[in-house]
Amino acid sequence: MSENGRSRVWVWVLIGGGAFFLFVLAVFTLVFIALHASGRQAGIHAFGDKIGVVDLDGVIVDPSEVVEDVRRFANDDSIKAIIIHVNSPGGGVAASEEIYREVKRVRDEKHKRIVASIQTVGASGAYYVSSATNKIYADSGSVVGSIGVIAEWVNYGDLMRWAKLKPELLKVGQFKDTGDPTRELTPAERQYMQGLIDNMYVQFVQAVADGRHAKASDIKSIADGRVWTGQQALSIHLIDQIGDFRPAILDTAKSVNISGEPVLVHPERDRKSLLDLVFGDASQWLPTKEKLLEQHVGFYYLWR
């Protein structure tokens with residue numbers, strides 16, 4: 001092939017490649033616009049009678065986002081009520097407590113209607129949070145309850161000995177290295193850890209009792225870590241009404257004198273760019289300092 005022929009081929013390759021890239025870009029743009037349009041929710045400045053919706057989804061690790069969403073809706077007079085849409089097995093003890101306190105503050109101090117609508121799971125720490133609301137809705141088949149505390153870690157001491165690795169440790173304080181994954185707990189350490197968990201359990205039971213306006217003794221009688229279906233939970237007064245998200249919306253609207261269809265307001269989030277859509281968010285896979293520090297004993301209000 002002549003030099004001119006090869007040049008023409010390369011020109012057509014470049015033109016074809018450019019056209020293909022523009023086509024792919026256009027497709028992704030249309031998909032992004034469609035997803036954005038279909039997923040768009042009413043903003044905080046929408047007109048009409050409004051109900052704020054806060055999602056409590058997945059394992060509860062960082063409470064800051066949910067707490068801020070609840071607080072913002074509580075301080076907005078245009079929001080007549082708040083629904084916590086729950087689909088979570090619970091999570092960290094302190095994280096669950098922080099959300100619980102904010103929800104209870106809205107109910108008892110702000111006197112704004114706030115309810116929980118449990119979707120598939122509202123267990124342990126998620127139930128802890130739900131118990132602080134004015135009313136709890138759940139489907140008949142929802143998983144509810146699991147009032148209890150758990151702490152666990154992996155003892156890989158045998159593996160280290162097999163690999164002929166020997167950990168070295170310097171400490172001041174008998175219990176400073178309690179939970180060291182390279183060895184067994186001593187009897188004193190086991191007693192110490194059990195004391196911590198027992199105290200957290202008492203706090204959990206008392207918080208649910210306060211939230212549900214019940215006696216701690218009544219809650220303790222069913223607080224053995226078990227979960228119940230929504231139907232079972234209704235019979236033991238862990239929830240107030242069987243119903244999915246739609247009935248929870250309509251019933252809540254009626255309770256705050258909203259006539260007709262309420263406007264649902266979701267917290268505003270940073271919009272995803274086209275690059276996010278194409279390449280995704282890789283931050284969850286990157287080893288941050290916080291993630292590296294998470295490799296230690298934790299205490300959880302969590303249903304396994």
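The condition of being buried (at least 22 other Cβ atoms within 10 Å of the Cβ) and farther than 21 Å from Ile249 by Cα holds for Ala95. Selection over the range 135-164 of residues that are surrounded by 15 or more Cβ atoms within 10 Å (Cβ to Cβ) and within 19 Å of Asp251 (Cβ to Cβ) gives a count of 7.
Yes or no, residue by residue, for (1) of a type in the set (A, V, I, L, M); (2) within 13 Å of Tyr137 (Cα to Cα); (3) free of Cβ contacts under 8 Å to residues at least 40 places away in the same chain; (4) not assigned by TED's automatic domain parsing to the domain that holds Lys112:
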site: Ala214; (1), (2), (3), (4): yes, no, yes, no
site: Gln231; (1), (2), (3), (4): no, yes, no, no
site: Gly243; (1), (2), (3), (4): no, yes, no, no
site: Pro247; (1), (2), (3), (4): no, yes, no, no
site: Leu250; (1), (2), (3), (4): yes, yes, yes, no
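Ser124 - would you say it is closer than 20 Å to Gln241 by Cα and in contact (Cβ under 8 Å) with a residue 12 or more places away in the chain? Taking the combined requirement at face value, the residue satisfies it.
The values are calculated or read from the model by the stated rules, or taken from the named source; none is laboratory data. This is a predicted model, so every value here is computed, not measured. Ideal geometry is used to build each Cβ from the backbone, glycine not excepted, and the neighbour counts take in all protein chains shown.
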